[in-house]
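Novice: My structure is below; once you've seen it, I'll send some questions.
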Amino acid sequence: MSFMARDRIYWPGGKTKCLTFSYDDGVEQDLRLTEVMRAHGVRGTFNLNPGLFGRNGRVTGGKREVAHNKLSAERVPEVYRGQEIAAHGWEHAAMSGMDTARCVNEILKSRAALEELLRQPVTGYAYAFGTNDDTIVKAAQASGLRYARTVVSTERFDIPQDFLRWDPTCHHNAEKLFELAEEFLSDKSYFSFFSPAKLFYIWGHAYEFDQDDNWKRMEKLLELLGGRDDVWYATNGEIESYVAAWKSLIFSADSSSVQNPSATPVWLGSSFDRETVCVGAGETVRLLSKKEM
Ligand SMILES: [Zn+2]
């Protein structure tokens, strides 16, 4: 593939920046987090354990002890309005060492319960404790999931190649968080062989803001990153489904034209110049620049 061909994925509208969040466990602190996120127009995905709905507890995790109360099933649709809900296991089991059937049971049961509650397909997952190996990933795939998040920070903005092993950019407590935010917002070209379009993916647990007494850190981050015209604010699932539409494109062998068989318009651009082209749903488009035609 040529660096000059306009065959690289850009985000909807021809944008080069996409921001997403992923928060786990479905705790009461998500209420405050979703309010702050909504106020700044940012979006994300919340990963829930239906087997633990409504269960109250405390968490220390080597830090200050705080409440770890899980939301009840009835409150879920309203608390996460406008955000995406994904599965996180039936009862937050660490699946390492389990056979495929037990892994499928833990994953599929949580997916099915959320689908029943929401009356729509649930396509995403976050591995509890981040634990994943070949058996667990195979079980996630067999459970019909389209993507699953790990806890391995890349400190980069790459679009994942394997969505069932989706490594985030960083945790919200990462030392480099604000440095990464500045790099993300910069218009300097971002180098990746796959695409110059950037994906900033931040994850965590909302109860950690109570443990670390650092809600202000999140508010400061969202003031910086939220409400901008040059950023696509998306849930994890919207990103996966947009990239899937890009993957379904049919290119001519010489990269001069492309056909989009999907129902999603896809934006393309080259690695170096910022001229973009939109390939509408069901359309075929010439990719050569004006001077080449
Ligand atoms: Zn968890």
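The values are calculated or read from the model by the stated rules, or taken from the named source; none is laboratory data. On a predicted model such as this, the values are computed, not experimentally measured, just so you know. Glycine also receives a Cβ, built like all others from the backbone with ideal geometry; neighbour counts cover every protein chain displayed.
Novice: Here is a check on your reading of the model: is Arg58 more than 21 Å from the chain's Cα centre (by Cα) and over 27 Å from Ala234 (Cα atoms)? Steps first, please.
Specialist: Details: more than 21 Å from the chain's Cα centre (by Cα): yes; over 27 Å from Ala234 (Cα atoms): yes.
Yes: the conditions hold for Arg58.
Novice: If you take the residues of the range 82-119 that are free of Cβ contacts under 8 Å to residues at least 12 places away in the same chain and under 22 Å from the mean Cα position of the chain (by Cα), which of them is surrounded by the fewest Cβ atoms within 10 Å (Cβ to Cβ)?
Specialist: Arg119
Novice: Take Asp210 and tell me if it is buried (at least 20 other Cβ atoms within 10 Å of the Cβ) and among the charged types (D, E, K, R). Talk me through it step by step, then tell me what you get.
Specialist: On the way: buried (at least 20 other Cβ atoms within 10 Å of the Cβ): yes; among the charged types (D, E, K, R): yes.
The answer is yes for Asp210.
Novice: Let me ask something else. What number goes with the only condition from (1) farther than 22 Å from Arg43 by Cβ; (2) modelled with pLDDT of 95 or more that Glu183 does not pass?
Specialist: Looking at each condition in turn, Glu183 falls short on (1).
Novice: Still on this structure: Of the residues Gly44, Gly62, Gly144, which is under 28 Å from Val231 (Cβ atoms), of a type in the set (Gly, Ala, Ser) and out of contact with any Cys (no Cβ under 9 Å at 6 or more places or on another chain)? Write out each step before concluding.
Specialist: Numbers: Gly62 fails: under 28 Å from Val231 (Cβ atoms); Gly144 fails: under 28 Å from Val231 (Cβ atoms).
So the residue among Gly44, Gly62, Gly144 that is under 28 Å from Val231 (Cβ atoms), of a type in the set (Gly, Ala, Ser) and out of contact with any Cys (no Cβ under 9 Å at 6 or more places or on another chain) is Gly44.
Novice: Under 20 Å from the mean Cα position of the chain (by Cα) and among the hydrophobic types (A, V, I, L, M, F, W, C) - does that describe any residue in the range 275-287?
Specialist: At the first step, the residues of the range 275-287 found to be under 20 Å from the mean Cα position of the chain (by Cα) are none.
No; the residues of the range 275-287 include none that is under 20 Å from the mean Cα position of the chain (by Cα) and among the hydrophobic types (A, V, I, L, M, F, W, C).
Novice: So is Ala113 in contact with a Phe, Trp or Tyr (Cβ under 9 Å, 6 or more places away or on another chain) and more than 29 Å from Lys220 (Cβ to Cβ) or not? Let's see the steps before the verdict.
Specialist: On the way: in contact with a Phe, Trp or Tyr (Cβ under 9 Å, 6 or more places away or on another chain): yes; more than 29 Å from Lys220 (Cβ to Cβ): yes.
When the stated conditions are applied, Ala113 passes them.
Novice: Another one. Let me confirm something: among Arg217, Arg228, Arg274, which residue is outside any helix (DSSP H, G or I), at pLDDT 95 or above and either among the hydroxyl-bearing types (Ser, Thr, Tyr) or surrounded by fewer than 17 Cβ atoms within 10 Å (Cβ to Cβ) (or both)?
Specialist: Values: Arg217 fails: outside any helix (DSSP H, G or I); Arg274 fails: at pLDDT 95 or above.
Result: Arg228 is the single residue among Arg217, Arg228, Arg274 that is outside any helix (DSSP H, G or I), at pLDDT 95 or above and either among the hydroxyl-bearing types (Ser, Thr, Tyr) or surrounded by fewer than 17 Cβ atoms within 10 Å (Cβ to Cβ) (or both).
Novice: Give the residues of the range 123-153 that are within 11 Å of the ligand (Cβ to nearest atom), of a type in the set (Gly, Ala, Ser) and farther than 16 Å from Glu84 by Cα, sorted by residue number.
Specialist: Of everything in the range 123-153, those that are within 11 Å of the ligand (Cβ to nearest atom), of a type in the set (Gly, Ala, Ser) and farther than 16 Å from Glu84 by Cα turn out to be Ala128, Gly130.
Novice: Looking only at the range 239-265, how many residues end up being β-branched (Val, Ile, Thr) and under 19 Å from Tyr190 (Cβ atoms)? I'd like the intermediate steps shown before the answer.
Specialist: So in the range 239-265, the residues β-branched (Val, Ile, Thr) come out as 239, 243, 250, 258, 264.
Cutting the leftovers down to under 19 Å from Tyr190 (Cβ atoms) gives us 239, 243.
Result for the range 239-265: 2.
Novice: If you don't mind, another one. It is to be established whether one or more residues within the range 137-154 are part of a helix (DSSP H, G or I), modelled with pLDDT of 95 or more and among the charged types (D, E, K, R).
Specialist: In the first step, residues of the range 137-154 are kept if they are part of a helix (DSSP H, G or I); the result is 137-142.
Then drop every residue that is not modelled with pLDDT of 95 or more, which leaves 137-142.
Retained after the next criterion (residues that are among the charged types (D, E, K, R)): 138.
Yes, the conditions are met somewhere in the range 137-154.
Novice: Separate question: Report those strands (runs of 3 or more DSSP E) wholly inside the range 1-102 carrying at least 3 residues which are more than 13 Å from the ligand (Cβ to nearest atom) and not aliphatic (A, V, I, L, M). Step through it out loud before you land on a result.
Specialist: Details: elements: 8-10, 17-24, 44-48, 84-87.
The strands (runs of 3 or more DSSP E) meeting that bar are 17-24.
Novice: Also, I was wondering about something else. Does the range 200-207 contain any residue that is touching a Pro at 6+ places or on another chain (Cβ under 8 Å), part of a loop (DSSP other than H, G, I, E, B) and away from the ligand (no atom under 16 Å from the Cβ)?
Specialist: Taking the range 200-207 first, the residues touching a Pro at 6+ places or on another chain (Cβ under 8 Å) are 201-203.
Now narrow it down to the ones that are part of a loop (DSSP other than H, G, I, E, B): none.
No, the range 200-207 contains no residue that is touching a Pro at 6+ places or on another chain (Cβ under 8 Å), part of a loop (DSSP other than H, G, I, E, B) and away from the ligand (no atom under 16 Å from the Cβ).
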